[in-house]
Amino acid sequence: MILCCIEMFRKTLTSISRRHFSSSSPESPSLYSFLKPSLFSHKPITLTSSLSPPQTPKTLTQDQKSSIESTLHDSLIAHNTDEAWKAFRSLTAASSLPEKRLVNSLITHLSDSGEGGENSSHRLKRAFASAAYVIEKDPILLEFETVRTLMESMRLAKAAAPALALVKCMFKNRYFVPFDLWGHLIVDICRENGGLAAFLKVFKESCRVAIDEKLDFMKPDLVASNAALEACCRQMESIADAENVIESMAVLGVKPDESSFGFLAYLYARRGLREKISELEDLMDGFGFASKRILYSNVISGYVKMGDLDSVSDVMLHSLKGSGEDSSFGEETYCELVKGFIESKSVKSLAKLIIEAHKLESLSIDVDSSVGFGIINACVNLGFSDKAHSILEEMIAQGGGSVGLGVYLPILKAYCKEYRTAEATQLVTEISSSGLQLDVETYNALIEASMTNQDFISAFTLFRDMRETRAVDLKGSYLTIMTGLLENQRPELMAAFLDEVVEDPRVEVNSHDWNSIIHAFCKSGRLEDARRTFRRMVFLRYEPNNQTYLSLINGYVSGEKYFNVLLLWNEIKGKVSLVEAEKRSKLDNALVDAFLYALVKGGFFDAAMQVVEKSQEMKIFVDKWRYKQAFMETHKKLRLPKLRKRNYKKMESLVAFKNWAGLST
């Protein structure tokens, strides 16, 4: 019957631009008979007792009425709600109403929910009671805009029952407010309160009035018609009610859109009516709709609710045979689909669906528009990252081949966000094995997550994989790894990593990197490792600088390895001479100070005086006080006669130092 009614649209829309209908119209008897037993039966509405006039109402003189109206007016201006309400009650007690302007001002004032809280709810009840009373007594006093304002406040307050009662009162008293002023508000109120079925009754009554009274402004529009269809198809799942809605739309000349067909398609899928769904597709072609995406989304939803997963797969693959727009499903559809499959423990079926879909998808399809991406992304968003990985593994087991990099990316991003770096690294290995290549940004993000998680093995593995892809830009990840290792005080890993990449021209290794390792080794007291790193640095022709030597000297001093400082000086003093020849200074205050302090502490006065001589040649200021203190701390008991007998040359160096430092001999 629904399809007949839709066919009726075609004839109606092509032959007539507008029609007027009456209760005797031959198209509508079944609709009217269906609508008679409805919410809007003619029973009196019970209002608050505060507005009900006494049995013998008091009669007001014109002066008394004017005085009360003046009080009402002044109270509204002063925002004195209680006084305004008392004045209004005084008038209703005498079976009287204020003038039109005051009626609308009062109801508008009471509808204002600006204050919020319990007081706002109390005011809204008064606004409802006032409006309903005026509609029953003298509806001509109530302006349409006032009704719209009241309905809007009810929507904000989610007051479904009063809103529906007010509509019932309007219809009962033949107070016909244009549907576009309040219809959508009622739809919103009912939807937010979880029951569009209540709106269905409003829809039916509006249709009856529009037809019987020949009032075109009471005709529900497409949005309202779709809300009624949604109630029938999605909530009530009633084909009979859906038929009535479609019939009313046809009679009123409301043309269906993609959503209209979608709701019907959902209901047909829930009932397993495949032929009806095919007929809907044909009708959509007849109406000239460019896309059937909404229809297919609803069919998928219906089949998922029904538990018919084979049909879900069929619809997905069928949609790919149409226009590209037909299969561009949203995240909501994919999430619903994935949930159904996973709850039914059908991971293999999901893998098969992705494989079959990939065969039908265009080579030019965007990564995030593929069925595979949609399914995997939905798994991740639903918190099923492990299931997503299982799907990919199942695809490999089924020999599905490569389905594009985009299918893997949602899982990688999820693993990265959750710092599941070991799983991410394993997945990257699988990706590389399949012949796909990640971009530099993804590698950088994964390596950064690995370092944050202190998963250094994964970081090294990812960087190695990144190098093998021939990626040009390795700087970012190289610095991330070196910085992370330094912060975590892992100089041995820094040395191993640097040794691995040092010959790669895409990695810019410089003296600073070697210095960082040497400094870290010295700081942790691993002086032999620091020395080996220094030798490796020199061997690979990276020029040591002042920072290199300072780190080594400070490390040797901390470990009281003064002889090593002497060896270092013997190595550097030749370079200092070479530098002087090239008119470049290698020594500075900090390096002179470090060498002098260490050599004095170690008792190597000949070398100390060589440093002094170099500093004088290069006009570097030296604070002698510091070295006096170093000498006194270490060599206070040293006696020249004994030293003269053992080592004359050392004695001469000691005398020279004491003379330079101003120490008495």
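Averaged over residues, the count of other Cβ atoms within 10 Å places the peptides 404-410, 418-424 in the sequence 404-410, 418-424, highest first.
What is the helix-to-structure angle for 331-343, meaning the angle in degrees between its Cα long axis and the longest Cα principal axis of the chain, kept from 0 to 90 and rounded to the nearest 10? For helix 331-343, the angle is close to 80 degrees.
Fully extending the segment from E213 to Q616 would add 133.8 nm, taking 0.36 nm per residue of separation and subtracting the current Cα-Cα distance. With each label modelled as a point 7 angstrom along the Cα→C-beta vector, the E325-N545 pair spans 6.2 nm. The label-point distance for K305 and D180, in a model that sets each label 7 Å from Cα toward Cβ, rounds to 3.2 nm. Solvent exposure of the chain amounts to 48 Å² per residue of accessible area, where only protein heavy atoms count and the probe is 1.4 Å.
Taking the square roots of 5 times each eigenvalue of the Cα gyration tensor of the stretch 352-499, largest first, gives ellipsoid semi-axes of 31, 15, 12 Å. For the stretch 78-93, putting each phi into the Karplus relation 6.51 cos²θ - 1.76 cosθ + 1.60 with θ = phi - 60° gives couplings of 7, 6, 8, 4, 5, 5, 5, 5, 4, 5, 5, 5, 4, 6, 5, 5 Hz, in residue order, rounded to whole numbers and with x for Gly and Pro. Could you compute the FRET efficiency for D74 and D285, with r as their C-beta to C-beta distance and R0 at 60 Å, rounded to 0.05? The pair D74/D285 has a calculated efficiency of 0.35.
Taking GluC sites (Glu not before Pro) across the stretch 113-182, the ones in a DSSP loop with at most 16 further Cβ atoms lying within 10 angstrom of their Cβ are E115, E143. Computed from the Kirkwood radius of its Cα pairs, the Stokes-Einstein diffusion coefficient for the chain at 20 °C and 1.002 mPa s stands at 63 µm²/s. Ordered by 1.4 Å accessible area with all protein chains kept, F604, F341 run largest first as F604, F341.
Centre-to-centre, using Cα atoms only, the stretch 404-439 and the stretch 71-135 are separated by 65 Å.
Answer rounded, prolate or oblate for the stretch 494-533, using the Cα gyration tensor with square roots of eigenvalues a ≥ b ≥ c: rounded when a/c is under 1.5, else prolate when a/b is larger than b/c, else oblate. Prolate, since a/c reaches 1.5 and a/b exceeds b/c. Between L567 and N193, residue separation times 0.36 nm minus the direct Cα-Cα distance comes to 126.1 nm. For the stretch 456-490 and the stretch 323-337, what is the separation of their Cα centres, given in Å? Here the two parts' Cα centres lie 38 Å apart. Measuring nothing but how far apart in sequence close Cα pairs (under 8 Å, 6+ apart) lie, relative to its length, the stretch 161-316 scores a relative contact order of 17 percent. For the stretch 332-375, backbone nitrogen atoms closer than 20 Å to the point 7 Å from D439 Cα along Cα-to-C-beta are found at 363-375.
Expressed as an acute angle from 0 to 90° and rounded to the nearest 10, what is the orientation of the C-alpha long axis of helix 589-602 relative to the principal long axis of the chain? Taking the Cα atoms of the chain, the angle to 589-602 is about 50 degrees. When M651, M618 are compared by accessible area at a 1.4 angstrom probe, the order from most to least is M618, M651.
When every alpha-carbon pair in the stretch 170-275 is counted, what percent end up more than 20 Å apart? So the pairs more than 20 Å apart make up 36 percent of the total in the stretch 170-275. Rounded if a/c is under 1.5, else prolate if a/b beats b/c, else oblate: with a ≥ b ≥ c from the C-alpha gyration tensor eigenvalues square-rooted, which is the stretch 449-524? Here the stretch 449-524 falls in the oblate category.
Contact order, relative form, for the chain: 6 percent (alpha carbon pairs under 8 Å, 6 or more residues apart, mean separation divided by residue count).
Helix 511-523 and the long axis of the chain differ in direction by around 80°, with both axes built from C-alpha atoms.
A simple packing score, the average count of other Cβ atoms within 10 Å per residue, orders the peptides 525-534, 270-279 as 525-534, 270-279, with the highest score first. For the listed residue pairs K387/K417; K172/K214; K201/K292; K100/K168; K475/K523; K387/K413, the alpha carbons are over 20 angstrom apart in K201/K292; K100/K168; K475/K523. The gain in end-to-end length when the D112 to V223 segment is fully stretched comes to 37.3 nm, 0.36 nm per residue minus the alpha carbon separation.
Compute the relative contact order of the stretch 461-582 as a whole-number percentage, counting only Cα pairs closer than 8 Å that sit 6 or more residues apart in sequence. It rounds to 19 percent for the stretch 461-582. Per-residue Karplus couplings for the stretch 315-324, computed as 6.51 cos²θ - 1.76 cosθ + 1.60 with θ equal to phi - 60°, are listed in order as 5, 4, 5, 4, 5, 6, 7, x, 6, x Hz, Gly and Pro entered as x. Relative protection proxy for 500-508, 428-436, 243-251, 485-493, from highest mean packing down: 243-251, 485-493, 428-436, 500-508 (other beta-carbon atoms within 10 angstrom). Could you calculate the FRET efficiency of E356 with N119 from 1/(1 + (r/R0)^6), where r is the beta carbon distance between them and R0 is 41 Å, rounded to 0.05? Plugging the Cβ-Cβ distance into 1/(1 + (r/R0)^6) gives 0.10.
Working from label points 7 Å from Cα in the Cα-to-Cβ sense, the S344 to E143 distance is 5.8 nm. Classify the stretch 61-177 as rounded, prolate or oblate, taking a ≥ b ≥ c as the square roots of the eigenvalues of its Cα gyration tensor: rounded when a/c is under 1.5, otherwise prolate if a/b is larger than b/c and oblate if not. Verdict is oblate for the stretch 61-177.
The values are calculated or read from the model by the stated rules, or taken from the named source; none is laboratory data. Predicted model, so just to flag it, every value in this text is computed and none were measured. Note that we place each Cβ from the backbone using ideal geometry, even for glycine, and neighbour counts take in every protein chain shown. Accessible surface is based on the protein model in full, side chains and every heavy atom, while ligands, DNA and RNA are left aside. Shrake-Rupley method; radii C 1.70, N 1.55, O 1.52, S 1.80 Å.
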